[in-house]
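Written out below as structure tokens is the structure these notes cover.
The values are calculated or read from the model by the stated rules, or taken from the named source; none is laboratory data. These numbers come from a predicted model, not from an experiment. Here Cβ is always computed from backbone atoms with ideal geometry, including for glycine, and neighbour counts include all displayed protein chains.
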Amino acid sequence: MIRKICVYCGSGQGADPVFKEAAQAFGFEMAKHNVGLVYGGGNLGLMGVIARSVLQHGGHVTGIIPQFLKSKEQMLEGAQELIITNTMHERKMLMCEKSDAFVALPGGIGTLEELVEQMTWAQLQQHNKPIIIANIAQFWDPLLSLISHMRENGFIRQGCEVATLITNKVDAIIPMLQQAVNPDHAN
């Protein structure tokens, strides 16, 4: 059962307003399904948008932020649970431990790094939690093309693939995750 989702997304809102709309809508979906948010603890960009949306709709938010980012990313004070770590590594490990699944909304280098790290950990069988790439407005198409390119060139060998789920519909994310963890009980 999916109780908490770790969401990776930008500390900026991006150029297309659809990114902000998607973060707001996903925050609503999480609260509606009683699924808690685990995220980087900031109040800026899409990170702040989704956290505030979850809170506004009565959901639970766990923010995990390293000490050195508290002021830079304007730590969100309203979260029910706020954990301050010493390092980025500690932050990322706690985010993984506290989550049942991972979702990547649009974002920058940090979002990409966190997503790829979870894909790598899954590939190395360090977890079997579902991962969804929320391909809002085809944002992740270049990454998906790169992954295909890696596969075609023999760097992602058969048997080493990661079963990453992909959707461009925010309201499909939670049902897809529930299906991934419990395929016998489709929503």
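Looking for something loosely packed, with under 13 Cβ neighbours inside 10 Å, touching a helix residue (DSSP H, G or I) at 6+ places or on another chain (Cβ under 7 Å) and of a type in the set (A, V, I, L, M, F, W, C) - is there at least one such residue anywhere in segment 114-132? No, every residue in segment 114-132 fails to be loosely packed, with under 13 Cβ neighbours inside 10 Å, touching a helix residue (DSSP H, G or I) at 6+ places or on another chain (Cβ under 7 Å) and of a type in the set (A, V, I, L, M, F, W, C).
Which count do you get for residues in segment 1-48 that are in a loop (DSSP other than H, G, I, E, B) and closer than 17 Å to Trp140 by Cα? Adding up the residues that qualify gives 8.
Looking across segment 2-30, the residues that are within 14 Å of the chain's Cα centre (by Cα) and aromatic (Phe, Trp, Tyr) come down to Tyr8, Phe19, Phe26.
Just one of (1) farther than 18 Å from Asp171 by Cβ; (2) of a type in the set (Gly, Ala, Ser); (3) crowded, with 22+ Cβ neighbours inside 10 Å fails for Ala15. It is (3). When Leu112, Leu105 are checked against the criterion of being touching a strand residue (DSSP E or B) at 6+ places or on another chain (Cβ under 9 Å), over 21 Å from Gly27 (Cβ atoms) and not aromatic (Phe, Trp, Tyr), Leu112 stands alone in meeting it. As a summary of the residue check, Gly41 satisfies the conditions (1) at pLDDT 95 or above; (2) crowded, with 21+ Cβ neighbours inside 10 Å except for the one numbered (1). The residue that is modelled with the lowest pLDDT, among those in segment 130-187 that are over 24 Å from Cys9 (Cα atoms) and charged (D, E, K, R), is Asp184. On the given criteria, is Lys98 closer than 22 Å to Ile166 by Cβ, surrounded by fewer than 20 Cβ atoms within 10 Å (Cβ to Cβ) and either of a type in the set (A, V, I, L, M, F, W, C) or modelled with pLDDT of 95 or more (or both)? No. Only a single criterion out of (1) surrounded by fewer than 16 Cβ atoms within 10 Å (Cβ to Cβ); (2) assigned to a loop (DSSP other than H, G, I, E, B); (3) at pLDDT below 95 is not satisfied by Gly58, namely (3). Return the pairs, sorted by first residue and then second, in which the second residue is part of a helix (DSSP H, G or I) and surrounded by 21 or more Cβ atoms within 10 Å (Cβ to Cβ), the first residue lies in segment 19-46 and is among the polar types (S, T, N, Q), the beta carbons are less than 6 Å apart, and the residues are 6+ apart or on different chains. Close Cβ pairs satisfying both conditions: Gln24/Val49; Gln24/Ser53.
Within segment 1-43, the set of residues being touching a His at 6+ places or on another chain (Cβ under 6 Å) and either of a type in the set (Asp, Glu) or more than 27 Å from Thr85 (Cβ to Cβ) (or both) comprises Phe28 only. Here Met88 meets the list (1) of a type outside the set (Phe, Trp, Tyr); (2) closer than 22 Å to Leu44 by Cα; (3) at pLDDT 95 or above almost entirely, failing just condition (3). Run Gly107 past the list (1) touching a His at 6+ places or on another chain (Cβ under 6 Å); (2) at pLDDT 95 or above and report the number of the one that doesn't hold. Going through (1) touching a His at 6+ places or on another chain (Cβ under 6 Å); (2) at pLDDT 95 or above one by one, Gly107 breaks only (1). I need a count of the residues in segment 134-185 that are under 16 Å from the mean Cα position of the chain (by Cα) and among the aromatic types (Phe, Trp, Tyr). The total comes to 2.
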